[in-house]
1. Which of the trypsin sites (Lys or Arg not before Pro) found in segment 42-98 are loop residues per DSSP with 14 or fewer other Cβ atoms within 10 Å of their Cβ?
2. Binning at 10 Å from 0, report for the chain what percent of all alpha-carbon pair distances ends up in each bin.
3. Can you pull the three principal axis extents for the Cα set of segment 163-207, in Å, largest first?
4. Student exercise: in segment 1-95, how many lysine pairs 8 or more apart or on different chains have Cα atoms under 29 Å apart?
5. Hey, could you pull the Cα Rg and Dmax for segment 166-235, both in Å?
6. Please give the residues of segment 206-241, grouped as numeric ranges, whose backbone N is less than 17 Å from a label point set 7 Å along the Cα-to-Cβ vector of VAL190.
7. Quick one: Kirkwood hydrodynamic radius for segment 88-228, alpha-carbon pairs, angstrom, one decimal?
8. Looking at segment 292-380, which GluC sites (Glu not before Pro) are in a loop (DSSP not H, G, I, E or B) and have at most 12 other Cβ atoms within 10 Å?
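Derivation of every value follows stated rules applied to the coordinates shown; laboratory data play no part. These figures come from a predicted structure and were not determined experimentally. We place every Cβ from the backbone using ideal geometry, glycine too, and count neighbours over all the protein chains shown.
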Amino acid sequence: MAEISKTHGKQKRKSREVINFAVLLMMFIIYALTFTVAKFYDITYPYAGVINFVMLTVLLINNINIIKLIKEKNLELYLLVFLIILTGINLLIVKSGKGAFFVPVNFMLIFYLADKIELEKRTVTAFAGLYMIYLCFYLFVAYPKLFTTFENYKYNTNTAATFTIYTLLCAFVLLEIYYDRSPVIGLFMVILLLKGFQLSLWHRARGAFIMLILFMFFKYVMPSAWIKNKYFYGIICLLETVGSLFFVGIYVVVGATGTNFKMPFFYKEVFSGRERIWYELFRLLVNKEKPYMLFTGIGTNFELESFFEKNVHNAMYNFVVIHGIIVFAGILYFIFIRLQSMRRHTLNSRVAMCAMCALTAVFFESYFDVDIIWADYALNLIFLLGVINSFENDEKISGQINEL
């Protein structure tokens, strides 16, 4: 009887692995086509949030026993459901665009599932390999051939650089997995990092440059200090989330003084318009005629005098302004709980540490943009969290790699 139960458990685990792989592979194909084929970008861009929601729902059903958790009155599941319903109600109250619903909901689903999707090492290696192949294709084929006219890529060069660096950080996981196998891996790491810097400067893409600099800082300058010290790690978690809001406030106050200067290597000034966008959004949020908006958010049916797009340019501020402080508080809960529980994985795994450095870099880069929550990058976030959750000890890697 025990043998039958054990066999059934293995079959169920195998089935779960196959479905996870299929869903993530589908998301990767969409990711690759979105940033390579202009017509595909036109088709998927308006529906990226819905597509991700469907994929995440499949992953949710595949990786957790919802009925069991309901019977056990699992508080975390109840909190997730409450926040999803509240997000929808808030958007209805402020008569927002319906697509805004999927931004916080998908983000919460990703972090809710972060410690529930345990990817097999061979799965991680396979996807890290796909990222590396796509990165090499982009660097040596797409850039020389595709980036000739706007019609060929449909998005600005800053997005192109950020996308490429984000892909590079995910591909770096593959190099960490094989790091001990050959000294050539270290050389390849240096080449990729130098190429990333060259690309960021060529595009004059501040976000991509900051992302890469911070990744290197956390990985090579202070790789153990900020992880091993739980208090320092907690401060980093606070800075990359709540600290983002303090940054907005300081940026607006300093920008209002008229102080400004050019950034080295980049064509823009330090205060190039975000201070006006953030201040205008704050005034919409703290509305004396509609005080409830502090709790519901302002939604997406607004017009700005300072900018033509409805882009908040700061991920955490986006949650507060568009969805209100209650939804934001719930999102913070899921981020902190997952990052704290995953810290132990990074202590004994260089691979998990690499993924954590990449994730942290994107969080801080999202002081200036929304890349940590952008729908087209959802796969990257799922992948990095999956790597951290799946690698606790690098000594266990070799056996499963040999099974590939």
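1. LYS73, LYS95
2. 4, 21, 32, 27, 12, 3, 0, 0
3. 36, 16, 9
4. Step by step, the pairs that qualify in segment 1-95 add up to 13.
5. Using the Cα atoms of segment 166-235, the pair Rg, Dmax is 13.7, 38 Å.
6. Answer for segment 206-241: 216, 220-221.
7. Computed over segment 88-228, the radius equals 17.8 Å.
8. Within segment 292-380, the qualifying GluC sites (Glu not before Pro) (loop, at most 12 other Cβ atoms within 10 Å) are GLU303, GLU305, GLU309.
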